[in-house]
Each structure stands twice: as structure tokens, then as C-alpha cells.
1. Could you tally the net charge around T29, taking each other residue with its Cβ under 9 Å from the Cβ of T29, Lys/Arg +1 and Asp/Glu -1?
2. With a cut-off of 8 Å between alpha carbons and a minimum separation of six or more residues, what is the relative contact order of the chain in percent?
3. Under 17 Å between alpha carbons, and skipping anything fewer than 8 positions from K254 in its own chain: which aspartates and glutamates qualify?
4. Kindly provide the Kirkwood hydrodynamic radius of region 47-110 in Å, to one decimal, from all pairs of distinct alpha carbon atoms.
5. Evaluate the relative contact order of region 3-156 (contact order divided by residue number), counting alpha-carbon pairs under 8 angstrom at least 6 apart; express in whole percent.
6. Tell me the label-point distance for the pair E85, E240, using the 7 Å Cα-to-Cβ offset, in nm and rounded to one decimal.
7. Between region 239-303 and region 110-132, what is the separation of their alpha carbon centroids in Å?
8. Per residue of region 117-124, in order, report the coupling 6.51 cos²θ - 1.76 cosθ + 1.60 (Karplus, θ = phi - 60°) as ³J(HN,Hα) in whole Hz, putting x for Gly and Pro.
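All of the numbers you see were taken from the coordinates with simple rules; none came from a lab. Nothing here was measured: the structure is a model prediction, and the numbers come from that model. Glycine gets a Cβ as well: all are built from the backbone with ideal geometry, and neighbour counts include every protein chain shown.
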Amino acid sequence: MKNNKLTLVILAAGMGSRYGGLKQMDTFTPEGDTIIDFSLFDAIQAGFEKVVFIIRKSFENEFKMIFNKKLAGKVEVDYVYQELENVPKEYINKSRVKPWGTGHALLMTKDVIKGNFAIINADDFYSRKAFEVIAKQLKNTDTNSYNFSMVAYSLKNTVSENGYVSRGECTVNKGGFLTDVTERIRIEEIDGDLKSENENGEMHPIDPKTIVSMNFWGFTPKCFEFGGELFLDFLEKNKENLKAEFYLPTIVNKMLSSEKASVKILQSDAKWFGVTYSEDKEIAQKEINRLKENGVYPTKLWN
């Protein structure tokens, strides 16, 4: 069965600790555009008909005030909430302030997702082409299948000049399918070379051409069969760790190890830009201004 009503899920519950604020609501143009606005605009152009925002109750009113008006009549909108207490009560730790991670966020959407969907970060600019490619893939994927996909980027196109970034390092087979993804929580340029931190906290060179995930995944509803038990196991092992996060790639690796699922790599040669640090904002503003000047986007997105 194919489902042509495509949904875009946006991971927007982050705290923006390195950025210094809620970057998902920060504006980058005189017209008041956020980074999310461009993803939404591109997704609607590519054929997405529903958007699900994953947010937190603490900024719900402000967030809805920004986006509901812009999207009225253009796309169906739904919200789910990633809260620290959305875990079994024996794992609630009142000292924890950090969200449980992107894998936990995905699990929060189970009850509102009915068809094929893509999931993205709120603070990354992916490019129009990326949305077109994944929309085409999802429209031609059976909703009852375990045929998943991911838009991949070259590492060199996804780093910040202003500090370290986290990326999913991907292993891809000759057929163009993902075989493994490893979350690298620290990649940065040191003395002209890109380096990645290993499990022992040591920095090692990493090939700039490495294929990486920017959390732009294409899933069918079958993805929710994975992750629940995995998350409980994670909670048990990390009861006392206030900073441990349950990452989306952890669920993907579970899918792959089951041998039921496959993840087709959809390559993008686009140069990423986004806002990990406050210093990234000026670069993002220049890029967005250039795109508007070149007619890629209208001056007023939502008129």
C-alpha cells in the first residue's frame, strides 16, 4: 500500500545550549524568517501535506504563535511534546534538565504518524533538492514495508567554522545502502585537518569525504516497531547519567541489525549551513540573503 500524504517531522525540542538560546525560534531575515521556515517552504513545494513539530511545553505558546499563522491553509499541523517525564516513572530524575535525545523524540510521534514521513532537525538548512529527492522516494515506498531512506551529506560540507559539531558517520555498501551509523558527538577542524573524537576521548583524523547523517531520514510507520525496548534498556543503563542521550542512529542500527530493514542512501552535494553556535548566525544570514537575491526564495515566504 502506498500513502501519498507525506508528513514532515521536525525535531524542535532542543535547548540550544551551545547557541545560547532557542535557535528554533530565532529569526534570520528582516521578514522574520527562522531556519525552519525554509525547510517548511521547501517541503510544501516538494509535496509534503502535513507537519509534526516535536517541541516542549515550556515554549509551546510562543512557538505556535510564530508558526500557526504562517502555515494556516497551507499544510496540516500537529504537535507532540518531548518532556523529561515522558519515561516510566522509575526513571524520572528531577536533577535532569537535558532532553532525552533524538531517538526519544522520534518515539513521541508514534500516535500522530499514519503514513510515510521524513524527519529533520529544526536548525539545519538542507536545500530544496534534498526535499524533492526524499519526497519522491517516500511517495514510491510501500507504507507496510521496511524500506527506509536517508539524505546523506559529505562531512566537509557540514562543519562549522566556530567549533565542534555532532554528526552520524555512515558506512555505505556498494549497492548504496546504509550498513552502520556511528554518532560522533565531536568533530572539528584542528590545525587545518578534520578530526573526530573516539570512544576514549582521543581526537583522530577523519576523511572530509566521509558520508554523514544530518538527521534527514525517510521512514514508513514500520519504524516504530524498533526503539521502544531499546530506549528502556538505555534508561536502565543510564539512570544516573544526567547527560546521556538516546540518539536516532541507535534506533536505525537496531533496524539494520534486525535484517528486516534497509536504508537507501540519497546523496546530496549541497553545502549545509545551520546554527550550532551564535557565531554561525551571521554566515546563515548571508547565505539566506544570497538565496533570496538569486530568486531561489521569495522575499516574503508566506504571502
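1. On the way: positive: K292; negative: E31, D33, D37.
That works out to -2.
2. On the way: 562 pairs, mean separation 76.1, N = 303.
Worked out over the chain, it gives 25 percent.
3. Within the straight-line limit of under 17 Å, K254 reaches these aspartates and glutamates: E169, D180, E183, E225, E229, D233, E245.
4. Final number for the Kirkwood radius of region 47-110 is 13.3 Å.
5. Taking the mean separation of contacting Cα pairs over the length of region 3-156, I get 36 percent.
6. Between E85 and E240, the label points sit 2.6 nm apart.
7. Region 239-303 and region 110-132 have Cα centres spaced 9 Å from each other.
8. 8, 10, 10, 9, 7, 6, 10, 10
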